Amino acid sequence: MTARKIITIVLLAIPLSAISQTDVELAPEYCGRLSLGIDKEIFSKLHVTLEEEMRVVDNFGKLGRMQTTVGLKYKLHSNFRLGVGYALINPYNSDSSVFSAPRHRLMFDATGTVRFGDWNFSLRERLQMTHRTDDFNEYQNPRDAIMLKSRIMVKYKGLGMFEPYAFFELRHYLNAPVINATYDGTFYRTPDGYKKGDAGWFLDGFNDCYANRYRGSLGVEMQINKNNSLKAFVLADFVTDKVVDANAEGTKLKSYTRETGFVGSVGLEYIYEF
């Protein structure tokens, strides 16, 4: 290989390596959550649960959604529990003052727990699928988003009616769009080389997998009596989303960005058990 060819390859490689998806950092957002729930043991070790939750978003400025969740929990062993659930998510459109475009979510849980004196340690794996009912560009998102949530929690039971806890949760997006091109706002890079303007991208299905949320929480559960309990908590979410903006026909890629941001939440939850 001649020196001229080597120099040419190096010069071509420099702009190729510089092209990437555009990174966008979002402003921090602060939210609130309020929920009411019931927990009923219908058979030995089998519980049915029902929860209604309200979320306030946009720095506590507007109602975000109402969510109704029903589930079953079964304790296979003193240290292992399985669960299944369904959630009806009703986003609130503040511009038209209506609830619209509900989403349906299915959840499957497996939770293992170990105890050391007054300390409880648990690991929960949750697989969930969320189905969208609205009209949207299916070149940008799948209709059924699949997530895997892995949560490790520690709880202390040595303070009587008060049980402080902390957890960390990692969420993986399992079927994100796969874009066979990178974009810097002006150029697209594909296996065939540079293409400028609207052309030069390919949607290669929905099997991209990446961690898109890191969540930490601190809270305390208060067991008021045998039937009533109250939980107060704070959440800290660090979110990353790969955002595709394409035309409805899938022939033009307008942008391909990676949005990162922080969402802080405070919440209060009441549960009645019987």
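Values as computed for the structure displayed
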| item | result |
| --- | --- |
| Strands (runs of 3 or more DSSP E) fully within segment 14-121 counting 3 or more residues that are over 19 Å from the mean Cα position of the chain (by Cα) and surrounded by 12 or more Cβ atoms within 10 Å (Cβ to Cβ) | 29-43, 46-57, 62-77, 80-93, 103-116 |
| Residues of segment 234-267 classified as open to solvent by less than 30 Å² (accessible area, probe 1.4 Å), farther than 23 Å from Asp23 by Cβ and either charged (D, E, K, R) or part of a strand (DSSP E or B) (or both), total | 3 |
| In segment 122-135, the residues that are within 21 Å of Leu46 (Cα to Cα) and open to solvent by 40 Å² or more (accessible area, probe 1.4 Å) | Leu123, Glu125, Arg126, Leu127 |
| From Ile152, Ile146, residue being closer than 24 Å to Phe202 by Cα, outside any loop (DSSP other than H, G, I, E, B) and open to solvent by 40 Å² or more (accessible area, probe 1.4 Å) | Ile146 |
| Hits in segment 122-143 (condition: part of a strand (DSSP E or B) and within 19 Å of Ala211 (Cβ to Cβ)) | Leu123, Arg124, Glu125, Arg126, Leu127, Gln128, Met129, Thr130 |
| Selection count where residues are out of contact with any helix residue (DSSP H, G or I) (no Cβ under 7 Å at 6 or more places or on another chain) and modelled with pLDDT under 95, scope segment 184-222 | 24 |
| Where a residue in segment 158-179 is open to solvent by less than 30 Å² (accessible area, probe 1.4 Å) and its partner, wherever it lies, is charged (D, E, K, R), with Cβ under 7 Å and at least six apart | Tyr165/Lys155; Tyr165/Glu221; Glu169/Lys149; Glu169/Arg151; Glu169/Arg215; Ala176/Asp208; Ala176/Lys242; Pro177/Asp208 |
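The values are calculated or read from the model by the stated rules, or taken from the named source; none is laboratory data. What you see is a predicted model; the values in this text were computed from it and never measured. In this analysis, Cβ positions are derived from the backbone assuming ideal geometry, glycine residues included, and neighbour counts consider all displayed protein chains. Just so you know, the surface numbers come from the protein's heavy atoms only, side chains and all, with ligands and any DNA or RNA stripped out. Shrake-Rupley method; radii C 1.70, N 1.55, O 1.52, S 1.80 Å.
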